[in-house]
Amino acid sequence: MSIADDEAEKAYPTRHWDGTHVKEQFCCDTDDLQEAYLRGRNAPPTNAEIEAVAKRLCYLSQPPLWFPTEPPAEQEKNLWRNMGMCDAQDEWLDKARDLLETARKAVNE
């Protein structure tokens, strides 16, 4: 299950009618759908999003010289772990948070 699916299930758990396997349904109009879209689009970045961007930024900024035999995904994971050992992860997380917030602001202008 994706992070988004997990968050959605926690926010709006699946409900069934009186113990049956029939899911409850509700009516909504296009205004409701647009409002839901805008809420999701304007939501602050999640920690998972920030960390994913931070890992990628860190990896792209460093030439992967020390693990040349590993696939790129493994190199990225190892580099991120090494950044944690020298307390450099926070700097990358701050950069990623700033970039994601800037992108979200641009959408709302």
query: Are any of the residues in the stretch 19-41 free of Cβ contacts under 8 Å to residues at least 60 places away in the same chain, open to solvent by 100 Å² or more (accessible area, probe 1.4 Å) and of a type in the set (S, T, N, Q)?
result: yes
- request: Please give the number of the condition Gln25 fails out of (1) closer than 23 Å to Arg104 by Cβ; (2) not in a helix (DSSP H, G or I).
  value: (1)
message: Looking at the stretch 69-76, can you tell me whether even one residue there is among the β-branched types (Val, Ile, Thr) and surrounded by 10 or more Cβ atoms within 10 Å (Cβ to Cβ)?
response: no
- request: Hey, can you tell me all the residues within the stretch 27-85 that are at pLDDT 85 or above, out of contact with any Asp or Glu (no Cβ under 7 Å at 6 or more places or on another chain) and among the hydroxyl-bearing types (Ser, Thr, Tyr)?
  value: Thr30, Tyr37, Thr46, Ser61
message: For the stretch 81-94, give me the residue count where each residue is surrounded by 13 or more Cβ atoms within 10 Å (Cβ to Cβ) and under 20 Å from Ala43 (Cβ atoms).
response: 1
field: Complete set of residues in the stretch 4-18 that are of a type in the set (Asp, Glu) and either open to solvent by 100 Å² or more (accessible area, probe 1.4 Å) or in contact with a strand residue (DSSP E or B) (Cβ under 8 Å, 6 or more places away or on another chain) (or both)
entry: Asp18
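The values are calculated or read from the model by the stated rules, or taken from the named source; none is laboratory data. Computed from a prediction, not measured in an experiment: that's the story for all the values here. Cβ coordinates were reconstructed from backbone atoms using ideal geometry, including for glycine residues, and neighbour counts include every protein chain displayed. To get the accessible areas, we keep the full protein, side chains included, count just its heavy atoms, and leave off ligands, DNA and RNA. Shrake-Rupley method; radii C 1.70, N 1.55, O 1.52, S 1.80 Å.
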